Amino acid sequence: MASHEVVIFGASGYSGLELLRLLARHPNIEVVGASSDSSRGERVFSRLPEWPSDLVFEPHDDLMRRVTRAQTALLATPAKTSAELVKLLFDRGVSVVDLSGAYRLQDPRAYVDWYGFAHPYPELLAKAEYGLIELNDRRVRPQTPRIIANPGCYATAAILASLPLVVANLIDNSPIVIDGKSGVTGAGKTLDEKLLFGEVAESVRPYRVARHQHTPEIERALSFVAKRQVVVSFTAHLIPMRRGLLTSVYARARSGVRQEEVDRALTDMYAAGRFVRVVRDRPPETGILTGSNFAEVGAVLDERTRTLIAFAALDNLVKGAAGQAIQNLNRLLGFEPNAGLLPERFEQRNAGSPA
Ligand SMILES: NC(=O)c1ccc[n+]([C@@H]2O[C@H](COP(=O)([O-])OP(=O)(O)OC[C@H]3O[C@@H](n4cnc5c(N)ncnc54)[C@H](OP(=O)(O)O)[C@@H]3O)[C@@H](O)[C@H]2O)c1
């Protein structure tokens, strides 16, 4: 299949570099622009040894000036920046996959409450699609520009763990408690005293308690599926590792629910899923997922307390960011769903098999 040109804004950040790393191997995508103000003039291969060309990081404004509607843009920029860039690109007829939270919510007021800024283009929020592939994998091949809001890292894991419980109606209507733990790359390259090695090493701490911005995103996705208002209480924790993320989900089981139904709900949900594996012989864990676009999920019914405990693990920079964005890109452009994310032989071996 012919190759398609892509540009990346925010290419020097953790998620941007991960996009470049994965796209270097994509059979149908050519990256023709990578923006960074702080790294302007630097060759991409000086950051990413396997990068195959002489591509140079260029200032954001320069890339914006030369992007064309025949290309697709990936944004790995802070939410406030993405809110502006998406508008500029969309108005010029360019489709966008945005890795930030700028277009994940529909209610403009939620941006003031959870992101701390007034959304500058509230009218565009309704045009954005939420790009959780496990909820929506229809290929699009758009005639008109599209805005895909790539899900947040915690939100992806929290939703993947909770979805089977909600879809199979295994839990009651009380709030779902979600505990998330992430390595430090989840915070990006921001200079922050709290992210210094001396502060993070040998320590675990919660942050943004009762006000983490992924809370409304998780509620929105689960409420959409449940066709009722789902409320979650979500707490994020920073843990001393570079990458990887685990969510543990606690929900009240409906009376009579048994472990076999829980097992079936997970299998039914993810049997056809390409990048979500149900694990039963051990709990999901982050270690083996480093660099992979796979997420692992599992769930256990605690009979004694009637609590359903579900887990999801993933690499925050791959399934939680760049890998999922490439799944969205593949869907948008009509490429093979696994393109750039798995070796071809793998797909043949696993096609159609249960997770
Ligand atoms: N890290 C994760 O695990 C993760 C997971 C899912 C989603 N995300 C989302 O992905 C986005 C990027 O996150 P990250 O962790 O990769 O961040 P990061 O490491 O801090 O990198 C941010 C990138 O954005 C660029 N940037 C900053 N301010 C800009 C501006 N005003 N205009 C244009 N570009 C600007 C930076 O370029 P300069 O060189 O010019 O500074 C840099 O390339 C965020 O919205 C984040 O929420 C991150």
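Taking the condition free of Cβ contacts under 8 Å to residues at least 12 places away in the same chain and either away from the ligand (no atom under 15 Å from the Cβ) or not basic (Lys, Arg) (or both), does Phe9 pass? Against the criterion (free of Cβ contacts under 8 Å to residues at least 12 places away in the same chain and either away from the ligand (no atom under 15 Å from the Cβ) or not basic (Lys, Arg) (or both)), Phe9 does not qualify. Looking at Gly334, Gly291, Gly298, just one residue is at positive phi and away from the ligand (no atom under 16 Å from the Cβ), and that residue is Gly334.
Applying the criterion of being part of a helix (DSSP H, G or I) and at pLDDT below 90 to the residues of the range 330-346, the residue that is nearest to Asn28 (Cα to Cα) is Glu344. Selection of helices (runs of 4 or more DSSP H) fully inside the range 97-214 by the criterion of at least 1 residues being small (Gly, Ala, Ser), in contact (Cβ under 8 Å) with a residue 40 or more places away in the chain and within 16 Å of the ligand (Cβ to nearest atom) returns 153-167. Restricting the range 1-16 to residues that are modelled with pLDDT of 95 or more and assigned to a loop (DSSP other than H, G, I, E, B) leaves a set whose member that is surrounded by the fewest Cβ atoms within 10 Å (Cβ to Cβ) is Ser12.
Just give me the residues in the range 73-96 being within 14 Å of the ligand (Cβ to nearest atom), touching a helix residue (DSSP H, G or I) at 6+ places or on another chain (Cβ under 9 Å) and part of a loop (DSSP other than H, G, I, E, B), in sequence order. Listed by number, the residues that qualify are Ala76, Thr77. For the residues Ala253, Ala310, Ala265, the requirement of being of a type in the set (Gly, Ala, Ser), modelled with pLDDT of 95 or more and either buried (at least 24 other Cβ atoms within 10 Å of the Cβ) or within 16 Å of the ligand (Cβ to nearest atom) (or both) singles out Ala310. Scan the range 17-38 and tell me whether some residue there is surrounded by fewer than 17 Cβ atoms within 10 Å (Cβ to Cβ), within 10 Å of the ligand (Cβ to nearest atom), touching a residue at least 12 places away in the same chain (Cβ under 8 Å) and of a type in the set (Ser, Thr, Tyr). The answer is yes; a qualifying residue exists.
The values are calculated or read from the model by the stated rules, or taken from the named source; none is laboratory data. Keep in mind it's a predicted model, so treat the numbers as computed, not measured. Here Cβ is always computed from backbone atoms with ideal geometry, including for glycine, and neighbour counts include all displayed protein chains.
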